[in-house]
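Read through the structure below, which is laid out as structure tokens, and then see the notes.
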Amino acid sequence: MSKLKDTLYQKILDHRKRTTKLLKKSGDTVIDQVTVSQIIGGMRGIKSLVTDISYLDPYEGIRYRGYTLQEVLSKLPKAEGAEMPYVEGLYYLLLTGEMPSKEEVEELMVTFRNRRIVPRYVWDVIDSFPSESHPMAILSAAVMSLERESHFNVKYKQGLSKMDYWDSTFEDATNLIAKMPLIGAYIYNKLYQKGKGHRYPDPSMDLGANFAYMMGKDKPYDDVSRMYFIIHADHESGNVSAHTGHLVASTLSDVYYSISAMINGLAGPLHGLANQEVLRWLQGLRNQMDGKLPSEDEMKQYVWDTLNKGQVIPGYGHAVLRKTDPRYTVQREFCLKHMPEDELFKYVDALYKVVPGILREQGKAKNPWPNVDAQSGVVQWHYGITEYDFYTVLFAIGRSIGVLSNIIWDRALGYPLERPKSVTTDMLEKMVRSTKEFVNTN
Ligand code: AMX
């Protein structure tokens, strides 16, 4: 057993006792109430999922296993001369809750390296897509096509104890994470470089550096990849992509079905696709300005024009966060260091000064501050990835690391099939009529 798997197993044994005790002793304890607006309003804020991989505080932002993003970036081991840590180390941290040593990360890098090979039929699936297809649709299909590789399915058919579900799920998850960057780079190459820029992975490189290499990018794009995959990895369990992955996996569908579904959820403009929307929107402004940097008043006018057309300002607002997203801040700091003179970064910076005030004045958005997507496309654009349809693929590679870690733990703790209850509008109206508040106010 590898060090990671061994450590994970010990953690699982300990954690099972806590979950069993909670269920046995406190199974009927009420911890939340549900309002009509939460039911009609997309289940906002209802406490109904449990995960120990990450927690999203509305004012502080995401913590992975208790660590803030800044702590994760400074404490995880790094390659010689790198600014950003190994992505492999993040997988170790998310799975075990322990900050890995460099040796532990190196062992995991070998594990990933040995699992990189993507079967030929996956390339055929990708190649069979018309070139106008969205890269997220291709990614979803490519991951789906790998389903026949699932160890979990083979074991399940052989008759697997529930206690052992996590083991073959771990194998599947690790196999998939190792392959995702290769699949992503291949899709980029097929769609935008007509297959001419394809590079095989370099066995001496870590996951982030290899992705940069396969994309044909020089330093510091290796750090951009590492940063990008790490900051997008997890955002607790209620966001659409994480929740979809968990929901599908709760039926004991294997990780390929689950991650393909996760990718489909991420592909919506209110979620992962927002980063490409930001770029499209900024390009609209740039075209309108004939390339010159807009004044503050011109910027304000563009924001108001968008709102007055009934559209949202992409990259701003959040269902949980009530402050500037730390994932935005991490990228902003990277931009300030590496590309302060970038024209689009200047646009983003200028927007930061006007959008929150306008959204507050408009009075609809509960959170007027920028989220991760307000910055992420601009970084990619700067390093030559100007095909913004592709940005959500990068998000998906990162997000799969967190969602897969969660699925392994779901299986380890025996979380059951997810099945919330729905009611009809008639029932809802009846329930409201029968409450004390309704009687008193009508
Ligand atoms: N611009 C304009 N209006 C906004 C807004 C924005 N950026 N963010 C929220 N609003 C509006 C909503 O559309 C809603 O309007 P309505 O009452 O007419 O329906 C109202 O403000 C209340 O919404 P909310 O409770 O503040 O947000 P939410 O939880 O319903 O939605 C989100 C959250 C992210 C979908 C929303 O803020 C949004 O559409 N933002 C722009 C798209 C975006 O950046 N998405 C990426 C989010 C991060 C991610 O998942 N990658």
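If you go through segment 240-276 and keep only what is open to solvent by less than 50 Å² (accessible area, probe 1.4 Å), of a type outside the set (S, T, N, Q) and either within 12 Å of the ligand (Cβ to nearest atom) or in the same structural domain as TYR352 (by TED's automatic domain parsing) (or both), you end up with ALA242, HIS243, GLY265, LEU266, ALA267, GLY268, HIS271, GLY272, LEU273, ALA274.
Here segment 113-149 is the region considered, the condition is being touching a Ser or Thr at 6+ places or on another chain (Cβ under 7 Å) and aliphatic (A, V, I, L, M), and the residue that is nearest to ALA173 (Cα to Cα) is VAL143.
With respect to ARG322, is the statement that it is among the basic types (Lys, Arg) and within 13 Å of the ligand (Cβ to nearest atom) true? It is true that ARG322 is among the basic types (Lys, Arg) and within 13 Å of the ligand (Cβ to nearest atom). Here the helices (runs of 4 or more DSSP H) wholly within segment 1-84 that include at least 1 residues being more than 20 Å from the chain's Cα centre (by Cα) and under 28 Å from PRO370 (Cα atoms) are 36-40, 69-75.
The residues on offer are TYR186, TYR165, TYR213, and the sole one that is away from the ligand (no atom under 16 Å from the Cβ), touching a Pro at 6+ places or on another chain (Cβ under 9 Å) and among the hydroxyl-bearing types (Ser, Thr, Tyr) is TYR213. The residue list GLY398, GLY414, GLY402 contains one member that is touching a Lys or Arg at 6+ places or on another chain (Cβ under 7 Å) and in contact (Cβ under 8 Å) with a residue 40 or more places away in the chain, which is GLY414. Just to be sure, is LEU428 surrounded by 11 or more Cβ atoms within 10 Å (Cβ to Cβ), out of contact with any Gly (no Cβ under 9 Å at 6 or more places or on another chain), more than 20 Å from HIS235 (Cα to Cα) and at pLDDT 95 or above? When the stated conditions are applied, LEU428 passes them. Restricting ASP410, ASP426, ASP349, ASP389 to residues that are assigned to a helix (DSSP H, G or I), within 16 Å of the ligand (Cβ to nearest atom) and not hydroxyl-bearing (Ser, Thr, Tyr) narrows the list to ASP389.
Mind checking whether some residue in segment 291-301 is open to solvent by less than 10 Å² (accessible area, probe 1.4 Å) and within 8 Å of the ligand (Cβ to nearest atom)? Looking through segment 291-301, none of the residues is open to solvent by less than 10 Å² (accessible area, probe 1.4 Å) and within 8 Å of the ligand (Cβ to nearest atom).
For segment 58-93, filtering for residues that are over 21 Å from LEU404 (Cβ atoms), open to solvent by less than 50 Å² (accessible area, probe 1.4 Å) and within 16 Å of the ligand (Cβ to nearest atom) leaves 2.
Note on segment 113-189: enclosed helices (runs of 4 or more DSSP H) holding 3 or more residues that are open to solvent by less than 50 Å² (accessible area, probe 1.4 Å) are 120-127, 135-145. The set of residues from segment 320-339 being of a type in the set (A, V, I, L, M), surrounded by fewer than 22 Cβ atoms within 10 Å (Cβ to Cβ) and under 19 Å from GLY42 (Cα atoms) comprises just one member, VAL320. One residue stands out among those in segment 302-319 that are of a type in the set (Phe, Trp, Tyr) and more than 10 Å from the ligand (Cβ to nearest atom): the one that is surrounded by the fewest Cβ atoms within 10 Å (Cβ to Cβ), which is TRP304. Within segment 400-422, the set of residues being under 22 Å from the mean Cα position of the chain (by Cα) and of a type in the set (D, E, K, R) comprises ASP410, ARG411, GLU418.
When VAL50, VAL72, VAL105 are screened for being in the same structural domain as LEU404 (by TED's automatic domain parsing), touching a Gly at 6+ places or on another chain (Cβ under 7 Å) and among the β-branched types (Val, Ile, Thr), only VAL105 passes. Select from segment 352-375 the residues that are under 16 Å from the mean Cα position of the chain (by Cα) and either within 9 Å of the ligand (Cβ to nearest atom) or open to solvent by 10 Å² or more (accessible area, probe 1.4 Å) (or both) and list them in ascending order. Selection gives ASN371, VAL372, ASP373, ALA374.
The values are calculated or read from the model by the stated rules, or taken from the named source; none is laboratory data. All values reported here derive from a predicted model rather than from experimental measurement. Every residue, glycine as well, gets a Cβ built from its backbone with ideal geometry; the counts of neighbours run over all protein chains shown. For accessibility, only protein heavy atoms count, side chains too; no ligands or nucleic acids. Shrake-Rupley method; radii C 1.70, N 1.55, O 1.52, S 1.80 Å.
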